[in-house]
1. List the number of the failed condition for residue 77; all other conditions in (1) more than 17 Å from residue 163 (Cα to Cα); (2) at pLDDT below 95 hold.
2. Go through segment 255-276 residue by residue and tally those that are closer than 30 Å to residue 239 by Cβ and assigned to a helix (DSSP H, G or I).
3. Out of all the residues in segment 58-79, is one or more farther than 27 Å from residue 169 by Cα and part of a helix (DSSP H, G or I)?
4. Considering each of 304, 279, 295 in turn, give the residue that is part of a helix (DSSP H, G or I), modelled with pLDDT of 95 or more, in contact with a helix residue (DSSP H, G or I) (Cβ under 9 Å, 6 or more places away or on another chain) and crowded, with 24+ Cβ neighbours inside 10 Å.
5. Would you call residue 231 assigned by TED's automatic domain parsing to the domain that holds residue 134, closer than 30 Å to residue 264 by Cβ and assigned to a strand (DSSP E or B)?
6. Can you say whether residue 38 is out of contact with any helix residue (DSSP H, G or I) (no Cβ under 8 Å at 6 or more places or on another chain), closer than 26 Å to residue 168 by Cβ and surrounded by 19 or more Cβ atoms within 10 Å (Cβ to Cβ), as far as the supplied structure shows?
7. Does residue 320 count as modelled with pLDDT under 95, under 29 Å from residue 12 (Cβ atoms) and not assigned by TED's automatic domain parsing to the domain that holds residue 21?
8. Looking at segment 97-129 only, could you name the residues that are out of contact with any strand residue (DSSP E or B) (no Cβ under 9 Å at 6 or more places or on another chain), farther than 13 Å from residue 297 by Cα and outside any helix (DSSP H, G or I)?
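The values are calculated or read from the model by the stated rules, or taken from the named source; none is laboratory data. Predicted, not measured: the structure shown is a model, and the values here were computed from it. In this analysis, Cβ positions are derived from the backbone assuming ideal geometry, glycine residues included, and neighbour counts consider all displayed protein chains.
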């Protein structure tokens, strides 16, 4: 398939590399407001270069678009993808503001296109294996963590341009809560500024308690002051407990009295991209593990947590 990119930064570059390794697809156009970045990505692929997305949609010939830009940079890129009938991959988060994401979802719903979003941990082998082991067993509790250092980009350190750590990084584990535990009824959260990191204008760390619609309860901790990248998910339920370590891509635990040890090393990004492109070729939305519509519900959970932290009250996702 003929693929175009809006965005030529670090995240987009990694996705482009994945496409380069998959037969049957080619990147034909790259668009970025930074012409040098766009040209650097386009040149080795013999792709056309654009600096505004309106011209890209009018002039280029492509069937699929990957949108990998900072949250503050979204305007009408997704609307134009829907209008032109182009299959659309949107990197997470799928917007900065919930209201905008809902409008884009409505546009995509009326278009006959396949959508996907960048919640890549859904494609990890340890995620797949955990879901197989759990099967239809009832889940009681999930406990997730996302600890890391500061982002390298200045925009990521400001609420007004990123939504903070919860919206751009810890969102991965909030999404995993939904993937395993179902949609969320309400969330309560508190934040810490004990470290007082001057580079950011949001909390250094957040601890949240989540109640799911089906009665499952969850807890999440996130921080931007840790020296190492740590992403974990613990799940317990009827006759099982599992520990998923996403940094090591390793699953351990116990099911029905049997010890579980599973090394799930994989290229999560390639699997995500390959699945989306296959869905586009076969017109099968069902194989995509995080559609744009599904990702908007994670965006709602992100902002419910942020509002709960700021207000110290219980918030229902989607009410902000």
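1. (2)
2. Pass one, segment 255-276, residues closer than 30 Å to residue 239 by Cβ: 255-266, 268, 271.
Those still in the list that are assigned to a helix (DSSP H, G or I) too: 268, 271.
Residues meeting the conditions: 2.
3. yes
4. Of the residues listed, the single one that is part of a helix (DSSP H, G or I), modelled with pLDDT of 95 or more, in contact with a helix residue (DSSP H, G or I) (Cβ under 9 Å, 6 or more places away or on another chain) and crowded, with 24+ Cβ neighbours inside 10 Å is 295.
5. On the way: assigned by TED's automatic domain parsing to the domain that holds residue 134: yes; closer than 30 Å to residue 264 by Cβ: yes; assigned to a strand (DSSP E or B): yes.
Considered against the rule, which asks whether it is assigned by TED's automatic domain parsing to the domain that holds residue 134, closer than 30 Å to residue 264 by Cβ and assigned to a strand (DSSP E or B), residue 231 comes out as yes.
6. Criteria met by residue 38.
7. For residue 320, the condition - modelled with pLDDT under 95, under 29 Å from residue 12 (Cβ atoms) and not assigned by TED's automatic domain parsing to the domain that holds residue 21 - is met.
8. If the condition is that a residue be out of contact with any strand residue (DSSP E or B) (no Cβ under 9 Å at 6 or more places or on another chain), farther than 13 Å from residue 297 by Cα and outside any helix (DSSP H, G or I), then 112 is the only one that fits.
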